[in-house]
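Peer 1: Mind having a look at this structure? Questions to follow.
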Amino acid sequence: MTEEWETKITKVTPNELLIRGYPLDELIGSITFASGIFLIIRGELPSLREEKVIDAILVSSIDHGVTAPSAVAARTVASCGVPITTAMGTGILAIGDYHGGAGEKCFKFLKETLQKKKNDQSLQNLVATVVQAAREQKIRIPGFGHRYHTQDPRTMKLLKIADQEKISGVYVNLAQLIAKELSYQSQKSLPLNVDGAIGAILADMGFEASTAKAFFAISRIAGLTAHILEEYTQRPVRTIIPSEAKYTGNPKRNLA
């Protein structure tokens, strides 16, 4: 006898597909991709505010050029003449704790930090204590600082949108306090980076920590596709060295 198991995600019957109870054909053309992602993960459609923030998160991580290990991996494999899905999969497999994983780690760190708060303790005092302990133990707090950006422009825009849409809560506030305290105690700029911002926002939205890395991967697959398609136009079997890349695309242009 075959053992039955349950799923609450999608029901498939002849001529009908239900995504979390909604007919897929009715969702097509009626909701955005961001809303579809929210629905299938969370089980309910997002509010307009949640939809806008999820969409902003997806756009924010779409690409970071050939500086990203996932792009180098995807392009290297693509140069060998493999199918596009193989190259895409290779890029995704390069996403882990050290590339694309800071959002999940920051999410967990923020949760753990808040759990340490005593009833009469202020957030500022909590943050000062936690940052000092991390520095004494030589532990790098994930989600802060960036090897290219001293002020990550993606972070600033994401936080602005999350604030405007009234999504920002205790975790975004906590992350910003940590960024200030890190810079104060280290005497150097260690701002919240885009991964940390995404982790904090998703925490305030009630997602699971692991979804921070998932959202990064969902977003980055679009950028990887562009890199792979471009790589197909280059000579085969290349050694991809990011520092040797020369940008020859459009100059900076304004969004109409």
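Rule-based calculations on the coordinates, nothing more; no lab input. Being a predicted model, the structure only gives us computed values, none of them experimental. Virtual Cβ from ideal backbone geometry, glycine too; neighbours counted across all protein chains shown.
Peer 1: Pulled fully out, how much extra length does the chain show between residue 86 and residue 230, if you take 0.36 nm times their separation in residues and subtract their Cα-Cα distance?
Peer 2: That pair, residue 86 and residue 230, stretches by 50.3 nm at full extension.
Peer 1: Taking the Cβ of each residue in 88, 156 as the centre, tally the other Cβ atoms inside 10 Å and list the residues starting with the fewest.
Peer 2: Least crowded to most crowded, the residues run 156, 88.
Peer 1: I need the phi-derived Karplus couplings for segment 89-95: 6.51 cos²θ - 1.76 cosθ + 1.60, θ = phi - 60°, integer Hz, Gly and Pro marked x.
Peer 2: Rounded to whole hertz, the list is x, 4, x, 5, 5, 7, 7.
Peer 1: Mind ordering 246-253, 51-58 by average Cβ neighbours within 10 Å, highest first?
Peer 2: 51-58, 246-253
Peer 1: Something else: With +1 on each Lys and Arg Cβ and -1 on each Asp and Glu Cβ, how big is the dipole of the chain about its Cα centre, in debye rounded to the nearest 20?
Peer 2: 1140
Peer 1: Please report the net charge: other residues with Cβ closer than 15 Å to the Cβ of residue 166, K and R +1, D and E -1.
Peer 2: -2
Peer 1: Ok, one more. When the dipole is taken about the Cα centre of segment 102-204, and only Lys, Arg (+1) and Asp, Glu (-1) are charged at their Cβ, what size is it in debye, to the nearest 20?
Peer 2: 240
Peer 1: Another question, if that's okay. Packing-wise, with mean Cβ within 10 Å as the measure, how do 72-83, 36-47 rank, highest first?
Peer 2: Put in order of decreasing packing, that is 72-83, 36-47.
Peer 1: Please tell me the relative contact order of the chain in percent, rounded to the nearest whole number, where contacts are Cα pairs under 8 Å and at least six residues apart.
Peer 2: Relative contact order here is 27 percent.
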